[in-house]
Amino acid sequence: MTAAAIWQHRFVRLALGILSAQILFWGTLFLIGETEKEHLYMKSWEVGEIYVHPLPGLDPDFGARDAGHRQTFPVEPGACYRGYHSPAYQISFDVKGDEYVNWALYLPWVSDNFETYVNGRLIATPRGEFSLTPSREERRPFLIGIPPDLMEPGTNRVDLVVTRTGCHPYVQTVYFGPLEPFKAYEHHIVLLGHYVPIITAVAGGLVALVALCLLPISGYSPLFASLAAFMAALALRAVAYVWAGNGLDYTTFFMLVYLIHYLCLATAAYFVQAWTGQPRQHTLWFALNFVIFAAIFALVWATGGEVYVLVTQVLNPVSLLLVSGYTLWSLWRMAPARPGEAGGAIVLMSLFLASELYDALITIFQVRRFIDAAYYLPIVLIAAVAGHLAAQGYRLYRDLAVQVAEKEAEIRASYARLQEQEKVNAINTERQRLIRDMHDGIGGQLVSLMLQLKGKPLPQERVHQQVQAAVDDLRLIIDSMDSVGDSLDIALAIFRDRMQPRLKAAGIRFVFENRLDGEVQGFRPQEILHIYRILQEGMTNILKYAAATTVRLELEAGDAETLRIRLSDDGQGFDPDARPETDGGRGLNHMQKRARALGSELTVEAATGQGTVLTLVIKRP
């Protein structure tokens, strides 16, 4: 397929997408706005000819009406600038009815304060403070039921006394008719003008919060930062629809609301710049434009200029033209690289332009507004952005999951290499320890024996003892290796099995007691060997010098951090203070050195004729 055919295919798909979106959007609005059909016959209830004139105070004038004050709705704001104090205005008109029907007055979207009179009698008290500088209250429709006893057959006179601060009073229209048809219509208008903006504000705030939560995951991407700002501005704009602004004069309230509107447009441009990948200088340019607009607005407001004309005829068209043009230009530049996303955005843009065109035609031709698209369009926009955000979030999650899986694989491979290296290191360390132990133990004993045999003949008993000591030391080394992974009590039981035949041959009873509640594991082979050699040295001394009949080996708990190994006999004992430098004396010194190497404490309790007790206090692993 040629490049021209590809673009032709894309344009056809884009046109179909725009057409489908327009049909779906406006068709849904007509379905949702089923009550808007009331407008088709409410026209018959609309008040036509009215009389409008200023009042010197707040009291209405029920006298004859001047034909020069005759006009039709709407009553326009007229002068609207800071510091202006409008007089109260009286709007008077006639209606026809009788006392047998429940009649009502319906005023859509009232932001002024007003009093209502029927045939000269007050029927509706004003909201908040009613004066020439009244309080601002919530902008909402009003349905006022007329008591049947006030209605007279034929023509009845209705008077509204309306006040506003900062501008002339503004009344769009008034309906008079039976009460019941108005109720459903009022419910729909309240839903449209009050709850839909609240839903928009909540939805926009949630999307902004999700975008903020995704910021760290995305590496603080400008796209999510701009999206959070745009959604927060949309939420703030929706709140402005239902914000009462009580305590502010109308021009100040008007200025703040439209500054929020311009902030929304500026953040929209920021989002478009980040999304389409345009230079960041564009965002700074729009931020500068927002500051300039705000400065112009504030200057005109502060100097008492006409803010209503400034907004409706200058700032609004210019700002909408700038943002719309920039959006279309950015999408056009993005289209070759990302045609799908650009097409979706152009479809949304077509809804926005259609809504603005609809509003412009309503204003130009002064026809009745059957559908308030401006209320529903932000929800569509938020839903579309939320869908895009969800897709972006899913892609981020998927990419993050892939990265995590890759890192996990790397960590597992690295851990396997470390384990293998640790095994090699452990083998090398153990090999070096064995060589050192055999050199210091067996090797030293055999070398000593060889030197003695070269010098002069030794008694056979002496040779047998030294060879036996070397064999015993070799067995201790082997037993220390065999006890790897076993508990201390099992290691001592192995030692008991090694020593019991020699003790039995010497006529000595050997008793082993384990008083621990559970197993104690974690001792390294070198530590087990130190314990073995200390006990071996003690056993050698018992066999040589103690003349004992019973030997006891006990394992018990010390405090929370220590264990005690006790080796005792019932032999002849000795006096530690008068101990000669015999083999037994040197053996005790060797045991103390090994205990210190083990980080333990060895105590010797002995007395002549009372046996000997060796107590080794070792730390738990």
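Assorted remarks:
- Complete set of residues in segment 227-250 that are part of a helix (DSSP H, G or I), of a type outside the set (Ser, Thr, Tyr) and open to solvent by 20 Å² or more (accessible area, probe 1.4 Å): ALA229, ALA232, LEU236, ARG237, VAL239, VAL242
- Looking across segment 187-201 at every residue that is surrounded by 20 or more Cβ atoms within 10 Å (Cβ to Cβ) and not β-branched (Val, Ile, Thr), the one that is nearest to PRO126 (Cα to Cα) is identified as PRO197.
- Residue count for segment 251-289 satisfying the condition of being within 30 Å of PRO169 (Cα to Cα) and of a type outside the set (S, T, N, Q): 13.
- In segment 154-170, the residue that is farthest from the chain's Cα centre (by Cα) out of those that are open to solvent by 10 Å² or more (accessible area, probe 1.4 Å) and at pLDDT 85 or above is GLY154.
- Residue within segment 264-285 that is at pLDDT 85 or above, over 28 Å from SER221 (Cβ atoms) and of a type outside the set (Asp, Glu) present: no
- Filtering PHE93, PHE62 for residues that are open to solvent by less than 20 Å² (accessible area, probe 1.4 Å) and among the aromatic types (Phe, Trp, Tyr) leaves a single hit, PHE93.
- Filter result for ALA416 (at pLDDT below 75, part of a helix (DSSP H, G or I) and surrounded by 10 or more Cβ atoms within 10 Å (Cβ to Cβ)): no
- Here ALA298 fulfils each of the conditions (1) under 20 Å from ALA337 (Cβ atoms); (2) in a helix (DSSP H, G or I) apart from (1).
- Per this entry, VAL257 is counted among residues that are without any contact (Cβ under 8 Å) to a residue 40 or more places away in the chain and part of a helix (DSSP H, G or I).
- Of the residues making up segment 208-245, those that are touching a Ser or Thr at 6+ places or on another chain (Cβ under 6 Å) and closer than 30 Å to SER135 by Cα are ALA233, ALA238.
- Failed item in (1) outside any loop (DSSP other than H, G, I, E, B); (2) touching a strand residue (DSSP E or B) at 6+ places or on another chain (Cβ under 8 Å), with THR173 passing the rest: (1)
- The one condition in (1) at pLDDT 90 or above; (2) over 60 Å from the mean Cα position of the chain (by Cα) that ILE565 fails to fulfil: (2)
Quick grid of which residues meet (1) polar (S, T, N, Q); (2) under 30 Å from PRO74 (Cα atoms); (3) modelled with pLDDT of 70 or more:
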{"site": "SER20", "(1), (2), (3)": "yes, no, yes"}
{"site": "LEU24", "(1), (2), (3)": "no, no, yes"}
{"site": "GLU36", "(1), (2), (3)": "no, yes, no"}
{"site": "HIS39", "(1), (2), (3)": "no, yes, no"}
{"site": "SER44", "(1), (2), (3)": "yes, yes, yes"}
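- First in segment 544-567 and at negative phi and without any contact (Cβ under 8 Å) to a residue 60 or more places away in the chain, second anywhere and polar (S, T, N, Q) and open to solvent by 80 Å² or more (accessible area, probe 1.4 Å), Cβ under 8 Å, 6 or more apart: TYR545/GLN572
- Annotation: of all residues in segment 251-286 being over 18 Å from SER319 (Cβ atoms) and open to solvent by less than 40 Å² (accessible area, probe 1.4 Å), the one that is farthest from the chain's Cα centre (by Cα) is THR251.
The values are calculated or read from the model by the stated rules, or taken from the named source; none is laboratory data. Just so we're clear, the structure is a prediction, and the values are computed from it rather than from any experiment. Using ideal geometry, Cβ is built from the backbone for each residue, glycine included, and neighbour counts are taken over all protein chains shown. These area figures cover heavy atoms from the full protein model, side chains too; ligands, DNA and RNA do not enter into them. Shrake-Rupley method; radii C 1.70, N 1.55, O 1.52, S 1.80 Å.
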